[in-house]
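**Student:** The following block contains the structure, expressed as structure tokens.
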Amino acid sequence: MSDRLLVVLADSLADGGRKAAIAFGVALAALSNGTAVHVFLSLESARLGTPTGADGIQPRGFSEPLNEYIRHFAELGGKLEVCSSCFEEYCRSLPKDERGRPELRAGTTIRSLGIVAERAGTMPILTF
């Protein structure tokens, strides 16, 4: 069993955040088992890497709002990463920081899509 996991979320959130909640649920379960977890946000899900991107999303059938799953993930040491080009495309209308760029959720990093290919040979990847 690997001690690292990459979860790639490429969902549009049109399902009310259910796939995103499942992705973060899997990530949380892996963290609780001692696995180092990276969640890579791409396409429309890049919005989740911002402080307001999950506001108002309460996935049907889940006990907590999506923001809480993301908060728990970060508190347990999960690494949240956002696709650089997806961030530029899908987050441009969100609140800006002092440099005029969309704000990032605390602890979130912007990475190129190449990091997924780079990690493919070293850790399991789950895609939602």
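**Student:** Against the definition (among the β-branched types (Val, Ile, Thr), open to solvent by 60 Å² or more (accessible area, probe 1.4 Å) and touching a strand residue (DSSP E or B) at 6+ places or on another chain (Cβ under 8 Å)), how does residue 122 come out, yes or no?
**Tutor:** Judged against the criteria, residue 122 is a match.
**Student:** Additional query: Of the residues that make up segment 27-45, is at least one open to solvent by 10 Å² or more (accessible area, probe 1.4 Å), closer than 26 Å to residue 88 by Cβ and either more than 13 Å from the chain's Cα centre (by Cα) or of a type in the set (Asp, Glu) (or both)?
**Tutor:** Yes, segment 27-45 contains a residue that is open to solvent by 10 Å² or more (accessible area, probe 1.4 Å), closer than 26 Å to residue 88 by Cβ and either more than 13 Å from the chain's Cα centre (by Cα) or of a type in the set (Asp, Glu) (or both).
**Student:** If the requirement is being among the acidic types (Asp, Glu), under 20 Å from residue 7 (Cβ atoms), surrounded by fewer than 18 Cβ atoms within 10 Å (Cβ to Cβ) and within 16 Å of the chain's Cα centre (by Cα), which of these qualifies: 88, 81, 68?
**Tutor:** After ruling out the rest, the residue left standing is 68.
**Student:** Residue 62 is checked against (1) crowded, with 16+ Cβ neighbours inside 10 Å; (2) closer than 26 Å to residue 122 by Cα and fails just one. What number does that condition carry?
**Tutor:** All conditions are met except number (2).
**Student:** Return the total of residues in segment 35-92 being hydroxyl-bearing (Ser, Thr, Tyr), at pLDDT 95 or above and within 13 Å of residue 25 (Cβ to Cβ).
**Tutor:** Selection size over segment 35-92: 1.
The values are calculated or read from the model by the stated rules, or taken from the named source; none is laboratory data. Since the structure is predicted, the reported quantities are computational estimates derived from the model, not experimental observations. Cβ sites come from the backbone with ideal geometry, for glycine too, and all protein chains shown count toward neighbours. In case anyone asks, the SASA skips ligands and DNA or RNA and just uses the protein heavy atoms, side chains included. Shrake-Rupley method; radii C 1.70, N 1.55, O 1.52, S 1.80 Å.
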